[in-house]
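Pasting a structure below so you can have a look.
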Amino acid sequence: ARVYEFGFIETPYRRVDPETGLVTGQVDYLTADEEDNYVVAQANMKLSEEGEFLDEDIVARFRGENIVTNKERIDYMDVSPKQVVSAATACIPFLENDDSNRALMGANMQRQAVPLMNPESPIVGTGMEYVSAKDSGAAVICKHPGVVERVEAREVWVRRYVEVDGQTVKGDLDRYKMQKFIRSNQGTCYNQRPIVSVGNEVVKGEILADGPSMELGELALGRNVLVVFMTWD
């Protein structure tokens, strides 16, 4: 999604050719009120290699309601099944198999998680863990490409490398400061830990240090526990 000039959120949709009925590679960004005017198919509908819907009856969305309609009525198709749910809900594995009330409670409990001293990223995830952690603002993000020259608990130094007349030369030295064991507004521990080593090549946008509830750049709200189920006669 993106925010356009008037401050509204736009979401991407794959356009369906009205003449051929094929799902094209063209992506249009629509606001919530614009989407109401179109019939939007779910992202997990089966398609042929040419982009044709394999099923005659399509599960779609129109004016906020889920409907089953003929494939000839489809105007757009979702880019991803995750775009219709929140970031917290998208972190729940196998969401389609969950009871709706349990999914709502699970998403709410994620927001209530207390940062741990030694968190673990989930073994079973959805792929949203890295995106959620990076976009949270709690991680230290590299601003310029370069090579890590020095790593300490409280600071990371990255030497920029620039191209001059076709040759790579050393540039400025960037210093990134960590916030160590400070109190957050919620009364929890806010701590950042470097995850890079000396000599690592880093690019712009790469995570240099984990924030609270993160492990190696991924969201880590708790720890992986071993659960055993036993039959009972």
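Any read-out appearing in this document is the output of simple, stated calculations on the displayed coordinates, not a laboratory observation. Since this is a predicted model, take the numbers as computed values, not measurements. Backbone-built Cβ (ideal geometry, glycine too); neighbour counts: all protein chains shown.
Which pairs, out of K82/K134; K82/K143; K143/K180, put more than 24 Å between their alpha-carbon atoms?
Numbers: K82/K134 17 Å; K82/K143 29 Å; K143/K180 21 Å.
Long pairs (Cα-Cα over 24 Å): K82/K143.
Using a 10 Å Cβ count of at most 12 others and DSSP loop calls, identify the longest part of the chain lacking such GluC sites (Glu not before Pro). Before the final figure, lay out each step's value.
Details: sites that count: E5, E19, E49, E50, E56, E152.
Longest stretch, sites excluded: 57-151.
Let me ask another. Report the Stokes-Einstein translational diffusion coefficient (µm² s⁻¹, integer) for region 149-193, Rh taken as the Kirkwood radius over Cα pairs, at 20 °C with viscosity 1.002 mPa s. Provide the component values of the computation, followed by the final result.
Values: Rh = 12.8 Å.
Taking Rh from Cα pairs, D becomes 168 µm²/s.
Express in nm, to one decimal, how much length is gained between S197 and N118 on full extension, taking 0.36 nm for each residue of separation and deducting their alpha carbon distance.
Full extension of this stretch gives 26.5 nm more.
Given the options P115, P12, P194, which has the most mean-square fluctuation in a GNM of the chain, springs set between C-alpha atoms less than 10 angstrom apart?
Per the Cα network of the chain with a 10 Å cutoff, P12 tops the list.
In addition: Tell me, what are the semi-axes, in whole angstrom and largest first, of the equivalent ellipsoid of the chain as set by the roots of 5 times the Cα gyration tensor eigenvalues? Could you put the intermediate results ahead of the total?
Working: eigenvalues 318, 153, 54 Å².
Over the Cα atoms of the chain, the semi-axes work out to 40, 28, 16 Å.
Here is a further query. Check each of the trypsin sites (Lys or Arg not before Pro) in region 40-117 and keep only those in coil by DSSP with at most 14 other C-beta atoms within 10 angstrom; list them in order. The partial results should precede the final answer.
On the way: sites: K46, R61, R63, K71, R73, K82, R102, R111; in loops: K46, R63.
Passing sites in region 40-117 are K46, R63.
Here is a further query. Counting only C-alpha contacts under 8 Å and six or more residues apart, can you give the relative contact order of region 88-219 as a whole percent? Walk me through the intermediate numbers first.
Details: 240 pairs, mean separation 37.7, N = 132.
Relative contact order, region 88-219: 29 percent.
Next question. Run the simple label-point estimate for K170 and R2 please: 7 Å along Cα→C-beta, distance reported in nm.
It works out to 3.9 nm between the two label points.
Counting other beta carbons within 10 Å of each Cβ, put C189, C91, C142 in order, fewest first.
Details: C189 14, C91 23, C142 20.
Neighbour counts put them in this order, fewest first: C189, C142, C91.
Starting from the Cα-Cα distance between Q179 and E149, subtract it from 0.36 nm times their residue separation and give me the gain in nm to one decimal. Display every interim value, and only then the final one.
Details: separation 30, 0.36 × 30 = 10.80 nm, distance 1.96 nm.
Length gained between Q179 and E149: 8.8 nm.
I need to check one value: relative contact order of region 99-162, counting alpha carbon pairs closer than 8 Å and at least 6 residues apart, in percent.
Details: 25 pairs, mean separation 10.5, N = 64.
That works out to 16 percent.
Further question on the same structure: Compare V202, V124, V68 in a GNM of the chain, Cα atoms joined below 10 Å, and give the one with the largest fluctuation.
Most flexible of the set in this elastic network: V68.
Relative to the longest principal axis of the chain, what angle (0 to 90°, nearest 10) does the C-alpha long axis of helix 100-111 take?
20 degrees
Something else: Name the residue farthest towards the positive end of the dipole of the chain from the options M214, V16, Q42, assuming +1 on Cβ of Lys and Arg, -1 on Cβ of Asp and Glu, about the Cα centre.
In the chain, that residue is M214.
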